[in-house]
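A.B. asks: Questions regarding the structure given below will be posed in turn.
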């Protein structure tokens, strides 16, 4: 459904710009082109209303598209007969706190996404010697499992993508 709105709005916008470009290109070429345009608008007010309806519809379609693409993602937890929703920002806040504890002197860029009720975590860690990377990754995996299970009630598998920054050559 999102693609329909996106494609529709893009198509309408493209056609509009092509039409306006062609119109503006040929308007000065016609004798008394600007006078003819003014007379046309004065004599055909319904075209002004039709144009206004077109622009309003285009604006509404674009707003709907923006709204549909910026909706928040939630993780659904079912405990007994209750259903709870956790916003992805909650996961991100826990991760930010964890990264600050693990790397107090560094700002760790990370992102959390929930798609189809599955958690995806991405983080860029600072440069760490190759020999220390594997033990650190195991520690992070264990810590994240505990944090997600114990504090957030997330008991499913998750995907984590971790990159280490390259060694600086300064």
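The values are calculated or read from the model by the stated rules, or taken from the named source; none is laboratory data. These numbers come from a predicted model, not from an experiment. No Cβ is skipped: glycine too gets one built from the backbone with ideal geometry, and neighbour counts run over all protein chains shown.
A.B. asks: Test of understanding: among 130, 148, 136, which residue is within 28 Å of the chain's Cα centre (by Cα) and assigned by TED's automatic domain parsing to the domain that holds residue 91?
C.D. replies: Details: 130 fails: within 28 Å of the chain's Cα centre (by Cα); 136 fails: within 28 Å of the chain's Cα centre (by Cα).
Unique residue meeting the criteria: 148.
A.B. asks: Moving on. Would you be able to tell me the number of residues in the range 128-170 that are in a strand (DSSP E or B) and within 13 Å of residue 94 (Cβ to Cβ)?
C.D. replies: 1
A.B. asks: Then there is this: Report the residue count in the range 123-139 for those that are in contact with a strand residue (DSSP E or B) (Cβ under 7 Å, 6 or more places away or on another chain) and either loosely packed, with under 10 Cβ neighbours inside 10 Å or in contact (Cβ under 8 Å) with a residue 40 or more places away in the chain (or both).
C.D. replies: 4
A.B. asks: Hey, another quick one. Looking only at the range 46-96, filter to residues that are touching a helix residue (DSSP H, G or I) at 6+ places or on another chain (Cβ under 9 Å), under 17 Å from residue 156 (Cα atoms) and not in a helix (DSSP H, G or I); which one of those is modelled with the lowest pLDDT?
C.D. replies: This residue is 75.
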